[in-house]
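Taking it in order: structure first as structure tokens, then the write-up.
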Amino acid sequence: MNGAWVPAGDRELFDRQSPAHGVPVTRVPKCTVEDLDAAVDAARRAFDDRRWSGLNGQARAAVLLRTGALIRERADEIAYFETLENGKPISQARAEVLGCADMFEYASGLARSLHGDSFNNLGDGLFGLVTREPVGVVGLITPWNFPFLILCERVPYILASGCTIVAKPSEVTSATTLILAEILSDAGLPDGCMNVVTGAGSSIGQALIEHPRVDMLSFTGSTAVGRRVVEAAGKSNFKKLGLELGGKNPQIVFADADLEDAADGVAFGIGFNTGQCCVSGSRLIVERSVADDFARMVQAKFDKVRVGDPLDEATQIGAITTEAQNATIMSYIERGQAEGARLICGGAQLDMGRGQFIVPTLFGDVTRDMSIAREEIFGPVLTIMPFDTIEEAIEIANDTDYGLAASVWTKNIDKALTVTRQVQAGRFWVNTTLAGGPELPLGGFRQSGWGREAGIYGVEEYTQVKSVHIEIGKRDHWVK
């Protein structure tokens, strides 16, 4: 807080066990509401005295650029802690960390290019300006599935806008958020502009949502918790909200696609981060004429995926991050079979002697009313449903409460554009999935959230617009 480490003192400590190895790997304090108040006060002072927002874009850009360089220098360390706490493969964690450095480097340019507008068409007596100003103190609540990546999809853009931050990471994956705060301080970010308070969502997270001196809250998590965030924010100070919530994302495969390429993409789309990914392609919608063959192709890919110790460079799917999530995934697998779906492959936990691992799972004979086809499982579980026409494919894809992401696989540009236009999703991939960079915005339709992160849209999200009217010459008096 306020640019310095705070001793844990007599605070209760939380020991995090590696989900892959079953041994303690990190220890963080369970902060108090008083700690949160102190962090918000520090962020509030830092914003109000303009030590950051009052700097020019060049100065802010220099700090963000230096942060990116320091992330690269410490990439192996950050990736190691990410893997220990989260259970994701070390190769994936390292790639994510390097991608995060890229986000800071990209956002450094946005700090210099953010601008408003002008109106010279109001007549000779009036000139208009539209300015963008930082919204203020931003509360940032991040989840356990991508602790560093999701943090860095937000922090550089928030800082580029001139705001200050109070961050609350998941209690099970706090280490890399603390490391980023240290890096930002080393990069020259003024004290109080990035504060991290660790602890439980039910206490510290709730207090941050409700805090009257926080101007905006960015929350990433489930749609169910997102609803509670909306309610709590409305009861406090009507703070602005940015929400990235759940997804039940379709992958539409046409018969004219490169099926080998599509099968690999579909396997990647559900296996990446063990399916604990809000944009994972968990609903496979395949043209009926190739559905059976394609299911066999996906199964063949699943059979070759390397599941195991995430510290092994060859591992592709690591451990399920929490015991609760492991139990949730297995309960959905059991429910799918009870509802009449056909288990094509997977459906079991891998016995590694320690840790929690689930092999990629594929269900056939799935109907749209089944819970495994409608509810977010957040694990490596894929359902397959056939379609006969493009209209039916679009209908199935849109038959969901969510609208976070979607993919389509086809070599026909007309089909690709039609599906892209009509499927309701905030992110869309054609003949690929889970691809992208810091330039393009992130966010969802429907119950998948509000607002956008990343890109120029991500900086604008943390600003508010002001209209300025400037009288030219002498004003025509109202009272004569």
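Structural remarks
- The stretch 266-312, residues that are small (Gly, Ala, Ser) and more than 20 Å from the chain's Cα centre (by Cα): 267, 289, 291, 295, 300, 308
- Residue match in the stretch 438-451 (condition: of a type outside the set (Asp, Glu), touching a residue at least 12 places away in the same chain (Cβ under 8 Å), open to solvent by less than 10 Å² (accessible area, probe 1.4 Å) and within 18 Å of residue 215 (Cα to Cα)): no
- Residue under evaluation residue 435, criteria (1) open to solvent by 70 Å² or more (accessible area, probe 1.4 Å); (2) more than 30 Å from residue 130 (Cβ to Cβ); (3) at pLDDT below 95; (4) not polar (S, T, N, Q), criterion not met: (1)
Residues checked against (1) of a type in the set (Ser, Thr, Tyr); (2) open to solvent by 30 Å² or more (accessible area, probe 1.4 Å); (3) farther than 19 Å from residue 265 by Cβ; (4) under 22 Å from the mean Cα position of the chain (by Cα):
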residue	(1), (2), (3), (4)
358	no, no, yes, no
392	no, yes, yes, no
453	no, no, yes, yes
457	yes, yes, yes, yes
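Every residue, every condition in (1) surrounded by 23 or more Cβ atoms within 10 Å (Cβ to Cβ); (2) in a helix (DSSP H, G or I); (3) free of Cβ contacts under 8 Å to residues at least 24 places away in the same chain, yes or no:
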position: 144; (1), (2), (3): no, no, no
position: 150; (1), (2), (3): yes, yes, no
position: 156; (1), (2), (3): yes, yes, no
position: 167; (1), (2), (3): yes, no, no
position: 171; (1), (2), (3): no, no, no
position: 213; (1), (2), (3): no, no, no
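- Those residues of the stretch 173-211 which are open to solvent by 30 Å² or more (accessible area, probe 1.4 Å), among the hydrophobic types (A, V, I, L, M, F, W, C) and out of contact with any strand residue (DSSP E or B) (no Cβ under 7 Å at 6 or more places or on another chain), in sequence order: 200
- Looking across the stretch 296-310, the residues that are surrounded by fewer than 22 Cβ atoms within 10 Å (Cβ to Cβ) and part of a helix (DSSP H, G or I) come down to 296, 297, 299, 300, 301, 303, 304.
- Boolean, residue 266 is surrounded by 22 or more Cβ atoms within 10 Å (Cβ to Cβ) and either assigned to a loop (DSSP other than H, G, I, E, B) or touching a Pro at 6+ places or on another chain (Cβ under 7 Å) (or both): no
- Residues considered: 208, 284. Of these, the only one that is out of contact with any Phe, Trp or Tyr (no Cβ under 6 Å at 6 or more places or on another chain) and over 30 Å from residue 137 (Cβ atoms) is 284.
Residue by residue, here is whether (1) touching a strand residue (DSSP E or B) at 6+ places or on another chain (Cβ under 9 Å); (2) modelled with pLDDT of 95 or more; (3) β-branched (Val, Ile, Thr) holds:
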site	(1), (2), (3)
301	no, yes, no
307	yes, yes, yes
316	yes, yes, no
327	no, yes, no
363	yes, yes, no
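- The stretch 404-426: number of residues that are surrounded by fewer than 24 Cβ atoms within 10 Å (Cβ to Cβ) and within 18 Å of residue 226 (Cβ to Cβ): 2
- Taking residues in the stretch 341-366 that are in contact (Cβ under 8 Å) with a residue 24 or more places away in the chain and under 17 Å from residue 327 (Cβ atoms), and partners anywhere that are crowded, with 22+ Cβ neighbours inside 10 Å and aromatic (Phe, Trp, Tyr), the pairs with Cβ atoms closer than 6 Å and at least 6 places apart or on different chains are 350/357.
- Of all residues in the stretch 116-133 being outside any strand (DSSP E or B) and out of contact with any Ser or Thr (no Cβ under 9 Å at 6 or more places or on another chain), the one that is nearest to residue 63 (Cα to Cα): 120
- All helices (runs of 4 or more DSSP H) inside the stretch 18-113 with 3 or more residues being within 21 Å of residue 198 (Cα to Cα) and either of a type in the set (A, V, I, L, M) or at pLDDT below 95 (or both): 33-48, 75-86
The values are calculated or read from the model by the stated rules, or taken from the named source; none is laboratory data. Computed from a prediction, not measured in an experiment: that's the story for all the values here. Reconstructed Cβ throughout: ideal geometry from the backbone, glycine too, with neighbour counts over all protein chains shown. To get the accessible areas, we keep the full protein, side chains included, count just its heavy atoms, and leave off ligands, DNA and RNA. Shrake-Rupley method; radii C 1.70, N 1.55, O 1.52, S 1.80 Å.
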